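Written out below as structure tokens is the structure these notes cover.
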Amino acid sequence: MEDDQEPTTESRGEVEEKVDPEDGEDDTEMVEDDEEEKASEGKKKAVVPGIIYLGHIPPRLRPSHIRKMMGAHGEVGRIFLQAEDRAIRKKKKKAGSNARDFTEGWVEFRDKKVAKQVAFSLNNTPMGTRKKSRFHDDLWCMKYLHRFKWSHLSERLAIERQVRRQRMRAEVSQVKRETNFYLQNVERSKKIAKSERKKAAEPSGKTVPDKQWNFTQRKTEEEIQALKSGGGDKKRLQKRQEQAQRAEEQAQTNRSLLHKIFNVS
């Protein structure tokens, strides 16, 4: 009976050894599936930021105020407000106010869905929820920028700075040219005045005569035509002149005869 039982136990051990590796493979496949599901869920949950454009910034509104107002609707990231022009700020300083105001702004939300909802719900609504707030009478003027990233804004600001620098360089170079031209004219006028003083100080006998311009007179139309035609036209002109002289002489003789006939004493 013992001999009959031993092979059964060995066969059971072999069966167990065959079953165990298969169960391990199933476990590894389940772990890989769980990791793939987690990675897919992570990709699905990847949050894309969204940017809102503010077209109107009332006076004395600062980034801290915007962060508080927008923070009630969602997580706010970066904020940028465009300062007003320097010329306007100089005029304000001359008038006696040192307030620094802004013209437009950009607000970044961590989630673009929240940014869309905020832009849709708050546009053309009062900024302040309370009547006592400083910005209660001002309205939000905002728009969600589709497919707009913060890098686009930084590139735009860099281009504007470069254009401003080039404009300043052009203006500076123009001013330098004008000043150099003015200084050259001043030096010339000084030299001319000095030479005139020397001439006035010299005696009358030693005065140098003024230089005369030597230039050729432009030819008349008859001379041009004569040069173009050649010597034949010259002879014709001479004949015509001789005929005219003869006619004048005959007229003078006829006048003298008539005078003698009718004025006889």
Exercise. What number of residues within the stretch 117-127 are open to solvent by 40 Å² or more (accessible area, probe 1.4 Å) and under 33 Å from the mean Cα position of the chain (by Cα)?
Worked result: 3
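Table: residues versus (1) over 12 Å from ILE52 (Cβ atoms); (2) more than 33 Å from the chain's Cα centre (by Cα); (3) not hydrophobic (A, V, I, L, M, F, W, C).
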{"position": "ARG130", "(1), (2), (3)": "yes, yes, yes"}
{"position": "SER133", "(1), (2), (3)": "yes, yes, yes"}
{"position": "TRP140", "(1), (2), (3)": "no, no, no"}
{"position": "TYR144", "(1), (2), (3)": "no, no, yes"}
{"position": "LYS149", "(1), (2), (3)": "yes, no, yes"}
Seminar exercise, completed: By residue number, the members of the stretch 141-155 that are modelled with pLDDT under 90 and open to solvent by less than 100 Å² (accessible area, probe 1.4 Å) are PHE148, TRP150, SER151, HIS152, LEU153, SER154
Problem set entry | Only listed residue being part of a helix (DSSP H, G or I) and modelled with pLDDT under 75, chosen from ILE224, ILE261 | ILE261
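A quick yes/no check of all residues on (1) without any contact (Cβ under 8 Å) to a residue 12 or more places away in the chain; (2) in a helix (DSSP H, G or I); (3) small (Gly, Ala, Ser):
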position: SER64; (1), (2), (3): yes, yes, yes
position: HIS73; (1), (2), (3): no, no, no
position: ARG100; (1), (2), (3): no, no, no
position: VAL118; (1), (2), (3): no, yes, no
position: ARG134; (1), (2), (3): no, no, no
position: TYR144; (1), (2), (3): no, no, no
position: PHE148; (1), (2), (3): no, no, no
Exercise. How many residues does the stretch 128-140 contain that are among the polar types (S, T, N, Q) and surrounded by 15 or more Cβ atoms within 10 Å (Cβ to Cβ)?
Worked result: 0
Seminar exercise, completed: Those residues of the stretch 80-116 which are surrounded by fewer than 16 Cβ atoms within 10 Å (Cβ to Cβ), over 21 Å from the mean Cα position of the chain (by Cα) and closer than 21 Å to LEU153 by Cα amount to ARG110, ASP111, LYS113, LYS116
Problem set entry | Selection status of ARG60, open to solvent by 100 Å² or more (accessible area, probe 1.4 Å) and at pLDDT below 90 | yes
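The values are calculated or read from the model by the stated rules, or taken from the named source; none is laboratory data. Bear in mind the structure is a predicted one, so any value in this text is a computation, not a measurement. So basically every Cβ, Gly included, is an ideal-geometry build from the backbone, and we count neighbours across all protein chains shown. Accessible surface areas use protein heavy atoms only, side chains included; no ligands, DNA or RNA. Shrake-Rupley method; radii C 1.70, N 1.55, O 1.52, S 1.80 Å.
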